[in-house]
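S.K.: So that we are looking at the same thing, I have put the structure below in structure tokens.
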Amino acid sequence: GQQLNQSPQSMFIQEGEDVSMNCTSSSIFNTWLWYKQEPGEGPVLLIALYKAGELTSNGRLTAQFGITRKDSFLNISASIPSDVGIYFCAGQRQGAQKLVFGQGTRLTINP
Amino acid sequence: GAGVSQTPSNKVTEKGKYVELRCDPISGHTALYWYRQSLGQGPEFLIYFQGTGAADDSGLPNDRFFAVRPEGSVSTLKIQRTERGDSAVYLCASSPPWDPETQYFGPGTRLLVL
């Protein structure tokens with residue numbers, strides 16, 4: 001099935017470092033969402049973006065809705081051990097309720 | 001308040017058998033979604049309910065898969081004649097009418113077909 005292109009696929013960083021990941025698509029989305037998933041759990045919503053160019057923060061997390069509406073970025077500042085997990089971007093097209101997901105970015109943090 | 005709940009949390013079955021997976025959405029959420037997540041992949045959409053009716057079932061892979069939501073709350077995903085390729089985590093999500101773009105996921109049912 002169709003998925004968004006998410007990169008990088010995995011990241012290995014030191015505690016305290018900043019993290020950046022992004023998601024791109026060949027088509028336009030009206031809503032972008034970022035989720036985090038931990039082992040054995042469902043995805044948990046982190047940030048939702050509704051307008052092109054929008055920049056939204058949630059604590060140490062900041063996400064942006066690309067101006068072309070074909071991409072989105074997530075940044076995590078000053079990473080801590082509990083940030084470990086898989087981060088997924090998801091897009092929603094106008095008039096459609098279903099979400100299209102990226103393949104995920106697996107974040108590992110060395111203390 | 002309670003989140004989306006799914007039962008069973010794990011299901012092991014044999015090829016050819018029939019299985020039912022249950023989803024209990026957050027109270028007051030009118031929209032309900034089913035997704036399937038294979039190992040190492042993001043969730044893939046199966047079907048979406050608005051109230052009791054299936055508003056979009058374009059993600060169901062074939063006619064062995066069927067879902068119902070008879071009273072507009074609990075939903076059951078039914079898989080007939082299971083195949084080994086059906087093994088995956090089946091996720092359910094719901095969203096409220098006042099914020100329909102935001103979907104809240106349950107913990108999933110891990111299905112293993114032997």
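S.K.: In 5 Å bins starting at 0, how do the alpha-carbon pair distances of segment B:33-114 split up by percent?
M.R.: Histogram of Cα-Cα distances, whole percents per bin: 3, 14, 25, 28, 17, 9, 3, 1, 0.
S.K.: Mean separation of Cα pairs under 8 Å and 6+ residues apart, divided by the residue count of chain A: what relative contact order is that in percent?
M.R.: 37
S.K.: With a 1.4 Å probe on protein heavy atoms only, tell me which residues of segment A:64-101 lose at least 10 Å² of accessible surface in the complex relative to the chain by itself.
M.R.: Correct list: A:88, A:92, A:97, A:98, A:99, A:101.
S.K.: Give me the accessible area per residue for segment A:12-69, probe 1.4 Å, as a whole number in Å².
M.R.: Value for segment A:12-69: 50 Å² per residue.
S.K.: A follow-up question, please. Which number do you get for Rg(Cα) / (2.2 N^0.38 Å) in the protein assembly as shown?
M.R.: So the protein assembly as shown has a normalised radius of gyration of 1.01.
S.K.: Hey, another quick one. Enter the Cα centre distance for the pair segment B:10-67 and segment A:51-111, rounded to the nearest angstrom.
M.R.: Value for the Cα centre distance between the two parts: 24 Å.
S.K.: In whole percent, how big is the carbon plus sulfur part of the accessible area of chain B, probe 1.4 Å, protein atoms only?
M.R.: 50
S.K.: Rounded to the nearest 20 debye, what is the charge dipole size of chain A about its Cα centre when +1 sits on each Lys and Arg Cβ and -1 on each Asp and Glu Cβ?
M.R.: 500
S.K.: Which listed residue (A:108, A:27, A:78) has the Cα farthest towards the positive end of the charge dipole for chain A, taking +1 on Lys and Arg C-beta and -1 on Asp and Glu C-beta about the Cα centre?
M.R.: Projecting each Cα onto the dipole axis, the largest value belongs to A:27.
S.K.: Separation between the residue A:50 and residue B:71 pseudo-spin-labels, each 7 Å from Cα along Cα→Cβ, expressed in nm?
M.R.: Label at residue A:50, label at residue B:71, 3.2 nm between them.
S.K.: With heavy atoms of protein chains only and a 1.4 Å probe, what residues of segment A:1-28 have at least 30 Å² less accessible area in the full set of chains than alone?
M.R.: Listed by number, the residues meeting the 30 Å² cut-off are A:3.
S.K.: With the cut-off at 19 Å, tell me which of the pairs A:36/B:78; B:15/B:78; A:98/B:11 have Cα atoms farther apart than that.
M.R.: From the list (A:36/B:78; B:15/B:78; A:98/B:11), the Cα-Cα distance tops 19 Å for A:36/B:78; A:98/B:11.
S.K.: What's the total accessible area buried between chains A and B, using a 1.4 Å probe, rounded to the nearest 100 Å²?
M.R.: For A against B, buried area totals roughly 1700 Å².
S.K.: With all protein chains present, how much of the accessible area of chain A (probe radius 1.4 Å) comes from carbon and sulfur, to the nearest whole percent?
M.R.: Summing carbon and sulfur atoms, their accessible area is 50 percent of the total for chain A.
S.K.: Considering protein heavy atoms only and a 1.4 Å probe radius, which residues within segment B:89-114 exhibit an accessible-area decrease of no less than 50 Å² in the full assembly relative to the chain by itself?
M.R.: Residues passing the criterion (a loss of at least 50 Å², heavy atoms only) are B:101, B:103, B:105.
S.K.: How large, in Å, is chain A by the Kirkwood hydrodynamic radius built from its alpha-carbon pairs?
M.R.: Answer for chain A: a Kirkwood hydrodynamic radius of 13.9 Å.
S.K.: Just tell me which aspartates and glutamates come within less than 13 Å, Cα to Cα, of residue B:17; anything on the same chain fewer than 8 places away is out.
M.R.: Candidates past the 8-residue exclusion: B:83, B:86.
S.K.: Which stretch or stretches of segment A:13-33 have amide N atoms under 14 Å from the point lying 7 Å from residue A:110's Cα along the Cα→Cβ direction?
M.R.: Zone members listed by number: A:13-17.
The values are calculated or read from the model by the stated rules, or taken from the named source; none is laboratory data. Bear in mind that the values here come from a model prediction, so they are computed numbers and not experimental data. Counting neighbours? That spans all protein chains shown, and the Cβs are built from the backbone with ideal geometry, glycine included. Quick note on the areas: whole protein, heavy atoms, side chains included, nothing else; ligands and nucleic acids left out. Shrake-Rupley method; radii C 1.70, N 1.55, O 1.52, S 1.80 Å.
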